[in-house]
1. Could you give the length gained on full extension between Thr291 and Val219, defined as 0.36 nm per residue of separation minus the Cα-Cα distance, in nm?
2. Would you please calculate the Kirkwood hydrodynamic radius of region 129-294 over all C-alpha pairs and express it in Å, rounded to one decimal?
3. Leaving ligands, DNA and RNA out of it, rank Arg172, Arg200, Arg39 by accessible area with a 1.4 Å probe, largest first.
4. If I fit a long axis through the Cα atoms of helix 45-67 and take the longest principal axis of the Cα atoms of the chain, what angle between them do I get, 0 to 90°, rounded to 10?
5. Which of the lysines could a cross-linker bridge to Lys287, judged by Cα under 27 Å and excluding same-chain residues fewer than eight apart?
6. On the protein heavy atoms, probe 1.4 angstrom, tell me the percent of accessible surface of the chain carried by carbon and sulfur.
7. Output needed: percent of Cα pairs per 5 Å distance bin for region 248-309, bins running from 0 to the one holding the longest distance.
8. Just in region 246-338: which chymotrypsin sites (Phe, Trp or Tyr not before Pro) are loop by DSSP and have at most 15 other Cβ atoms within 10 Å?
Amino acid sequence: MNPLILAFETSCDETAVAVVRGAETLSNVLGSQVELHARFGGVVPEVAARAHVESIRSLTHQALNEAGIHPADLDGVAATAGPGLVGALLVGHSFAKATAWARQLPFVGIDHMEGHLMAPRLQFGDFEPPMVSLLASGGHSQIVHVDEWGEYQTLGSTIDDAAGEAFDKLARVMGLGFPGGPAIDRASDGGDPAAIVFPRALPDRPFDFSFSGLKTSVVTFIEKAQAAGELPSLADVAASVQEAIVDVLVAKTFNAVDETKAPVVGGGGGVLANRRLRHRFAEEADKRGVTLVIPDPILCTDNAAMIGVAAAHWLAAGRITDWTENVDPGLVLGQPLT
Ligand code: KG4
Ligand code: ZN
């Protein structure tokens, strides 16, 4: 059974609506709010929630039209239940529930991180766990072992900032725009990743990350270099900063691959859109002969198709969310909704 799902993702600053049939994407539309938030240097929760309200109806029409689907054809409606910004989550969740209720369809609430975990299915079809997955976004960084879909073991995570948050903070320090990840990715073009060796934290903890110290060392480096009149090119600084983050993400993910002997390695979350990270993942996967399932960047950053594919999986397995269930901004992967 490949259920036809209308899916919503509004946990942060993208209003996203998609139609999927099983693991096939029929439409995947986005209303990005990046410009609304850029002048504040970060996502403003109230601004995000209001913008979701303004665009969700027209994006829903667009998603249904592009998919060539009439709401009467749907088998279910899904939305992100958490984690994320509570006001933003509530917009998509309530809209999805109301749509499902009005059409007498089942509603499925999905964990945003499980959406990132399952996104590779949209591109690589029905590969099966066990797999190791790196989830790295603006709010989370964790290495997960997937025993089977629904059985998630977090092997390690960040003890302070998320990797995307580190990119965002470092870009600010370097005078680049928001969001910082894509800005550093672009600025690193032509730069030497070995130009400056920034510290790699927690060398003795195989699966955990720490990124907060990196900001201090980059600030100190820039101040000293400026005072000495020896500031390297922006490309060299960006490439070196990027390498410091990418290096630990790759090393620790592949520590987990080696430890668990997982035959498949994947990832999701905005940071997995990073070109250097993708290149390094491909090299390491190749070296070990493991299957790599990192989808195209558009499926790594927030989108609703990933919520749809997860919902299709669970609906086919008979799991429906009760009407009384609410959003959970602090939802933890693998734990039930509270
Ligand atoms: O998964 P995502 O789209 O939203 C959240 O759930 O947080 O991730 C957003 C994060 C931001 O911190 C952004 O700077 C980072 O992903 N990001 C990148 C790249 N594209 C987005 N980081 C590094 N390189 C990129 N190309
Ligand atoms: Zn995300």
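1. Taking Thr291 through Val219 to full extension adds about 22.1 nm, to one decimal.
2. So the Kirkwood estimate lands at 16.0 Å.
3. Solvent-accessible surface, decreasing: Arg39, Arg172, Arg200.
4. Roughly 60 degrees, rounded to the nearest 10.
5. Lys252, Lys261
6. Carbon and sulfur together cover 52 percent of it.
7. Taking all Cα pairs of region 248-309, the binned fractions are 4, 18, 29, 22, 15, 10, 2 percent.
8. Here the sparse-neighbourhood loop sites are Trp323.
The values are calculated or read from the model by the stated rules, or taken from the named source; none is laboratory data. None of the values given here were measured: they were computed from a predicted structure. Don't worry about glycine lacking a Cβ; one is built from the backbone with ideal geometry, like all the others, and counts go over all protein chains shown. Areas reflect the complete protein model, heavy atoms only, side chains present, ligands, DNA and RNA absent. Shrake-Rupley method; radii C 1.70, N 1.55, O 1.52, S 1.80 Å.
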